[in-house]
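Note sheet for the following structure.
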Amino acid sequence: QVQLVESGGGLVQAGGSLRLSCAASGGTFSSNTIGWYRQAPGDQRRFVAQITSGGSTYYADSVKGRFIISRDSAKNTVYLQMNSLLREDTAVYYCRLTMPGSLYWGQGTQVTVSS
């Protein structure tokens, strides 16, 4: 049974930083693609960043240059370092594990950026 648990969300002022974590059990990050997505109130869930099994990273244009996705294979954990946060970054952030034939989501962690 694959389980993903996000943590690290919270309330931060605009311009500040947060680091989100996504820890996996029952699945291996290092051989699969992990992505971060976010969903703001009234909006659809949107892609934020992903890291592939080969270590390639991809970012949404809205976070490029501010967010960094990384992976610690020993801890089976993926991180999302978020810098220079904007109010429009406020959302619930989810991690997603892509395995052959399956997608797994975490429960999400709330990030709120205040002005």
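The values are calculated or read from the model by the stated rules, or taken from the named source; none is laboratory data. These numbers come from a predicted model, not from an experiment. In this analysis, Cβ positions are derived from the backbone assuming ideal geometry, glycine residues included, and neighbour counts consider all displayed protein chains. Ligands, DNA and RNA are excluded from the accessible area calculation, which covers all protein heavy atoms including side chains. Shrake-Rupley method; radii C 1.70, N 1.55, O 1.52, S 1.80 Å.
Inspect segment 63-74 for any residue being touching a residue at least 40 places away in the same chain (Cβ under 8 Å) and loosely packed, with under 14 Cβ neighbours inside 10 Å and give the result as yes or no. Write out each step before concluding.
Within segment 63-74, the first condition is being touching a residue at least 40 places away in the same chain (Cβ under 8 Å), and the residues that meet it are 71, 73.
From what is left, the residues that are loosely packed, with under 14 Cβ neighbours inside 10 Å are 73.
For segment 63-74, residues touching a residue at least 40 places away in the same chain (Cβ under 8 Å) and loosely packed, with under 14 Cβ neighbours inside 10 Å: present.
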Hits in segment 1-18 - residues which are surrounded by 15 or more Cβ atoms within 10 Å (Cβ to Cβ) and in a strand (DSSP E or B): 4, 6, 12, 18
Open to solvent by less than 20 Å² (accessible area, probe 1.4 Å) and in contact (Cβ under 8 Å) with a residue 60 or more places away in the chain - does that describe any residue in segment 36-53? yes
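For every residue, the table says whether it meets (1) under 19 Å from residue 12 (Cα atoms); (2) touching a strand residue (DSSP E or B) at 6+ places or on another chain (Cβ under 7 Å); (3) of a type in the set (D, E, K, R).
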site	(1), (2), (3)
43	no, no, yes
47	no, yes, no
56	no, no, no
79	yes, yes, no
101	no, no, no
108	yes, yes, no
111	yes, yes, no
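Restricting attention to segment 24-56, and to residues there that are of a type in the set (Ser, Thr, Tyr) and part of a strand (DSSP E or B), which single residue is farthest from residue 70 (Cα to Cα)? Let's see the steps before the verdict.
At the first step, the residues of segment 24-56 found to be of a type in the set (Ser, Thr, Tyr) are 25, 28, 30-31, 33, 37, 52-53, 56.
Then drop every residue that is not part of a strand (DSSP E or B), which leaves 25, 33, 37.
On the way: 25: 17, 33: 12, 37: 15 Å.
Only one residue tops the list, namely 25.
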Take the residues in segment 82-115 that are in contact with a Ser or Thr (Cβ under 7 Å, 6 or more places away or on another chain) and not in a strand (DSSP E or B); name whichever of them is most open to solvent (accessible area, probe 1.4 Å). 87
Among (1) in a loop (DSSP other than H, G, I, E, B); (2) surrounded by 15 or more Cβ atoms within 10 Å (Cβ to Cβ), where does residue 21 come up short? (1)
